[in-house]
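Enquirer: After the structure tokens below, expect a handful of questions from me.
The values are calculated or read from the model by the stated rules, or taken from the named source; none is laboratory data. Since the model is a prediction, treat every value here as computed from it, not as a measurement. Using ideal geometry, Cβ is built from the backbone for each residue, glycine included, and neighbour counts are taken over all protein chains shown.
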Amino acid sequence: MSKSVKAIRGMHDVVPEQTPLWQFLESTISRILSAYAYQEIRMPIVEKTELFKRSIGEVTDIVEKEMYTFEDRNGDSLTLRPEGTAGCVRAGIENGLLFNQVQRFWYMGPMFRHERPQKGRYRQFHQVGVETYGMNGAEIEAELILISARFWRELGLDDIELQINTLGSSKERAIYRDKLVEFLSGHRDKLDEDSVRRLDTNPLRILDSKNPNMQELIESAPKLMQHLGEESIHHFNRLKSLLDKAGLQYKVNTRLVRGLDYYCHTVFEWVTKSLGAQGTVCAGGRYDGLIEQLGGKPTFACGFALGEERLVSMLEDQSIKPVDTSPHIYLINVGPEAEMQSLQVSEQLRNKVPDLRLMLNCGGGSFKSQMKRADKSGAQLALIIGEDEVKESSVLIKFLRSSEDQRMIPITDVTDNINSILNK
């Protein structure tokens with residue numbers, strides 16, 4: 001007999017036992033973003049490969065090694081999206097949503113990268129992205145940071161630290177990049193293999209290296225902050241003042257960078273020590289150059305993305321429980337007539353009792369076996385309709401989680417009784 005087919009390595013099922021935590025996370029995030037008047041946008045999972053080559057860069061690890069890319073039947077090169085920002089910008093340009101407009105968007109869904117699977121990093125992973133367009137200045141950056149801070153508070157998560165930095169303007173960053181490359185090239189013998197590879201492609205990412213053997217070299221490297229003009233320093237100080245006024249604690253991390261040329265001014269990360277090496281749970285910044293890079297008119301832009309798997313892992317580790325999703329009622333029915341009547345009763349209750357969770361027994365079974373299913377379901381009540389109840393047009397209410405006496409009621413009174421019991 002052949003072996004059963006299993007999930008692809010690094011791509012995981014979320015089984016019903018786990019989904020309440022995901023639903024709690026996603027509904028909390030959706031509710032908060034709605035409170036800030038952000039609008040949901042939905043983009044395709046598959047995009048033209050060219051989109052990511054132009055936005056992320058052809059010589060990056062993501063494009064060279066990690067993307068799931070294939071040719072379709074027309075010979076076009078397509079890619080499963082490795083991140084959401086490029087697709088969001090493409091959708092904004094294509095649908096005329098960006099130029100001379102102010103927009104606040106968010107999206108949620110799976111992304112794909114062929115990386116080595118480890119805790120908090122998977123080949124199919126889920127992200128929430130928040131993107132804003134048409135707004136200059138530090139105020140919108142502060143709003144984005146405050147939104148993410150509200151996520152952690154309302155999810156009940158702690159041990160997450162905010163780190164911020166500035167990359168200055170694109171021109172200032174380009175000048176600094178040349179000075180950094182000149183310095184690092186003079187110490188090439190001290191660079192590890194990964195840093196040598198990045199020297200010609202993403203040299204700023206070398207500053208973020210975790211290799212302990214390179215820390216002394218990195219500390220002695222030129223500092224970006226020392227190469228910023230008055231306007232960029234004012235922008236960063238304005239952001240810090242806004243965060244101070246909001247009472248939000250943060251750490252200025254001068255090593256915090258982005259390896260893509262379209263980033264400028266503010267960058268930020270929320271990091272935790274509870275996830276081991278994969279400590280970043282949310283990252284964002286300003287990327288004013290991206291829209292023009294993808295064929296649109298120059299437009300201010302900033303945003304952030306967070307990884308759902310990492311947050312779910314933190315919720316589990318901190319023993320945060322979502323709202324109970326077990327049914328309020330399990331409806332037991334014994335006999336053909338009872339089965340027909342129970343279907344009518346279940347729909348009547350769903351119509352009349354707000355937010356009711358009712359599980360109807362299907363597939364038959366003895367009264368004893370159905371009672372076992374009712375208890376296993378976690379329901380508070382069992383509604384019982386058998387042959388006697390059909391004859392008497394009644395329903396038996398049995399309390400499964402308390403010692404309250406069971407009661408027989410007319411079927412016409414079932415809605416009022418259930419409402420009063422559940423609203424005690």
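Enquirer: For the condition touching a His at 6+ places or on another chain (Cβ under 9 Å), of a type in the set (A, V, I, L, M, F, W, C) and either within 25 Å of residue 106 (Cα to Cα) or surrounded by fewer than 17 Cβ atoms within 10 Å (Cβ to Cβ) (or both), what is the one hit in 157, 162, 167?
Expert: 167
Enquirer: Sticking with this structure for a sec: Among the numbered criteria (1) within 16 Å of the chain's Cα centre (by Cα); (2) among the β-branched types (Val, Ile, Thr); (3) surrounded by fewer than 16 Cβ atoms within 10 Å (Cβ to Cβ), which single criterion is violated by residue 175?
Expert: (1)
Enquirer: From (1) under 23 Å from residue 297 (Cβ atoms); (2) crowded, with 18+ Cβ neighbours inside 10 Å; (3) at pLDDT 95 or above; (4) among the charged types (D, E, K, R), pick out the condition that doesn't hold for residue 53.
Expert: Looking at each condition in turn, residue 53 falls short on (3).
Enquirer: I've got another one for you. Looking at (1) over 13 Å from residue 311 (Cα atoms); (2) assigned to a helix (DSSP H, G or I), find the lone condition where residue 168 falls short.
Expert: (2)
Enquirer: Check off (1) modelled with pLDDT of 95 or more; (2) out of contact with any helix residue (DSSP H, G or I) (no Cβ under 9 Å at 6 or more places or on another chain) for residue 64 and give me the number that stays unchecked.
Expert: Unmet condition: (1).
Enquirer: Okay, next question. Applying the selection to segment 281-298, what residues are in contact (Cβ under 8 Å) with a residue 24 or more places away in the chain and either of a type in the set (A, V, I, L, M) or touching a strand residue (DSSP E or B) at 6+ places or on another chain (Cβ under 7 Å) (or both)?
Expert: Selection gives 281, 282, 284, 285, 286, 287, 288, 289, 290, 291, 294.
Enquirer: Under the condition of being in a strand (DSSP E or B) and over 14 Å from the mean Cα position of the chain (by Cα), which residue from segment 113-149 is surrounded by the most Cβ atoms within 10 Å (Cβ to Cβ)?
Expert: Only one residue tops the list, namely 133.
One line per residue, one yes/no per condition, for (1) crowded, with 21+ Cβ neighbours inside 10 Å; (2) in the same structural domain as residue 108 (by TED's automatic domain parsing); (3) not small (Gly, Ala, Ser):
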{"residue": "217", "(1), (2), (3)": "no, no, yes"}
{"residue": "245", "(1), (2), (3)": "no, yes, yes"}
{"residue": "257", "(1), (2), (3)": "yes, yes, yes"}
{"residue": "292", "(1), (2), (3)": "no, yes, yes"}
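Enquirer: Further, regarding this structure: What residue, of 55, 77, is in contact with a helix residue (DSSP H, G or I) (Cβ under 6 Å, 6 or more places away or on another chain), in the same structural domain as residue 128 (by TED's automatic domain parsing), hydroxyl-bearing (Ser, Thr, Tyr) and without any contact (Cβ under 8 Å) to a residue 40 or more places away in the chain?
Expert: 77
Enquirer: Looking at (1) within 18 Å of the chain's Cα centre (by Cα); (2) surrounded by fewer than 19 Cβ atoms within 10 Å (Cβ to Cβ); (3) not basic (Lys, Arg), find the lone condition where residue 77 falls short.
Expert: The one condition residue 77 does not meet is (1).
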